[in-house]
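The values are calculated or read from the model by the stated rules, or taken from the named source; none is laboratory data. Just so you know, these numbers come straight off a predicted model, no measurement behind them. Counting neighbours? That spans all protein chains shown, and the Cβs are built from the backbone with ideal geometry, glycine included. Accessible surface areas use protein heavy atoms only, side chains included; no ligands, DNA or RNA. Shrake-Rupley method; radii C 1.70, N 1.55, O 1.52, S 1.80 Å.
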There are 2 protein chains.
Amino acid sequence: MKTKFRCSCPITSTVDIIGDKWTLIIVKQMLTEGRKTFKDFIESEEAIASNILSSRLKMLEEFKIITKEKLPDNKKTNIYTLTNKGVDLMPIIAELSIWSDKHVREFHSELYSGEALDIVKNNKEGFIQKTIEDYKLENWK
Amino acid sequence: MKTKFRCSCPITSTVDIIGDKWTLIIVKQMLTEGRKTFKDFIESEEAIASNILSSRLKMLEEFKIITKEKLPDNKKTNIYTLTNKGVDLMPIIAELSIWSDKHVREFHSELYSGEALDIVKNNKEGFIQKTIEDYKLENWK
DNA sequence: AGCATTACTTGCATTACGCAAGTAAAATAC
DNA sequence: GTATTTTACTTGCGTAATGCAAGTAATGCT
């Protein structure tokens, strides 16, 4: 997986990295669903295939968006953790959810409506900061 | 091109629509580069292939993100215009540029640094609103 | 010791993307 | 008014990304 940048446009270059069907979904699952192991991701609602997951985790590590480590008392389970670069994707994820709530519902009536959506709509910046803070407290011990 | 939604998560559903290599690039070109015809997009720096462009424009029309029309004095050139749903993608695009400026530069040293980036960093909300306003004034006559 | 779990890899089918060429209709040039 | 160019595509084909099912190796659990 060698990412080639199409040009020098910052927007296009970000899409070159995270512009696929799975990368942001994995980051979302880490930030908002507490997933951190291979198994966690495999068992998610979106049902990513294990080969795709494997290649994406590798790519995310290469770009320093996540780190991979083992806990001292378990030599089997890998723990994937978002770096600062990774949690900084939260504003993008928040905007995706806002756009969805406003414009996707029309085409997808079963879209989830929950408390988190109301919070992000009423206090976007606060929600982003709190999600990041909570993630760090829980995972950056 | 039939978009199937993977699940009821708002974030995942937005990625189901715009999560590919080209969709957001086309929207960016409309909002920030003034492109509006097939030719405009073909001639862009990113150099999209004409068959991909064609299929994306169709998809964007189906999702009501853009409209297609002809000017009264020209029966050949189609004008593509962002709808309200389309311009509402601007916050996502702004966040992509911010993340890029902060975290992509490390891997892509030729990344463009321009006035627009400074503006978006200093006054994100203002920049988003002004870009949308300017687009509407120019294209929604 | 034996079974289950975790984190993968491998093989193959399908869908997305990239490149080159071709086409039809309208606009422009002569 | 005929010829050339322009615009907006489509078609064909090769490569890359994704999806699905099965297999594997090492660790942890009983």
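Local charge for B:ILE25 was computed over the other residues whose Cβ lies under 14 Å away, with Lys and Arg +1 and Asp and Glu -1, and equals -3. Protein heavy-atom surface of the range B:21-139, 1.4 angstrom probe: 51% of the accessible area is carbon and sulfur, with nucleic acids and ligands not counted. If r is the Cβ-Cβ distance from B:ASP40 to A:GLU45 and R0 is 30 Å, what FRET efficiency results, to the nearest 0.05? It comes out at approximately 0.15. What pairs from A:LYS130/B:LYS102; A:LYS36/B:LYS58; A:LYS4/A:LYS124; A:LYS68/A:LYS121; A:LYS68/A:LYS102; A:LYS85/B:LYS39 go past 27 Å between their alpha carbons? Among A:LYS130/B:LYS102; A:LYS36/B:LYS58; A:LYS4/A:LYS124; A:LYS68/A:LYS121; A:LYS68/A:LYS102; A:LYS85/B:LYS39, the Cα-Cα distance tops 27 Å for A:LYS36/B:LYS58; A:LYS4/A:LYS124; A:LYS68/A:LYS121; A:LYS68/A:LYS102; A:LYS85/B:LYS39. Averaging 1/r over each pair of different alpha-carbon atoms in the protein assembly as shown and inverting the result gives 19.8 Å, the Kirkwood hydrodynamic radius. Solvent-accessible surface, computed for protein heavy atoms with a probe of 1.4 Å, shrinks by 40 Å² or more for the following residues of the range B:14-44 when the other protein chains are added to the isolated chain: B:THR14, B:VAL15, B:LYS21, B:ILE25, B:LYS28. For B:ASN74, the point set 7 Å out from Cα toward Cβ sits 6.1 nm from its twins in the other copies, listed from shortest up.
In a DSSP loop and with at most 14 other Cβ atoms within 10 Å, the trypsin sites (Lys or Arg not before Pro) in the range A:70-135 are A:LYS75, A:LYS76. Here B:LYS141 yields copy-to-copy label distances, from shortest upward, of 6.4 nm, the label point defined as 7 Å from Cα along Cα to C-beta.
Taking every C-alpha pair closer than 8 Å and separated by at least 6 residues, the mean separation divided by the residue count of the range B:21-139 gives a relative contact order of 23 percent. Cβ-Cβ distance of A:LYS130 and B:ASP134, R₀ of 25 Å, FRET efficiency by 1/(1 + (r/R0)^6): the value works out to about 0.15.
Other residues with beta-carbon under 15 Å from the beta-carbon of A:LYS75 carry, at +1 per Lys or Arg and -1 per Asp or Glu, a net charge of +1. Both chains summed, the buried accessible area for A and B stands near 4600 Å², from protein heavy atoms and a 1.4 Å probe. Here the ratio of the Cα radius of gyration of chain B to 2.2 N^0.38 Å is 1.10. Global dimensions of the range B:1-70 from alpha-carbon coordinates: Rg and Dmax equal 12.7, 37 Å.
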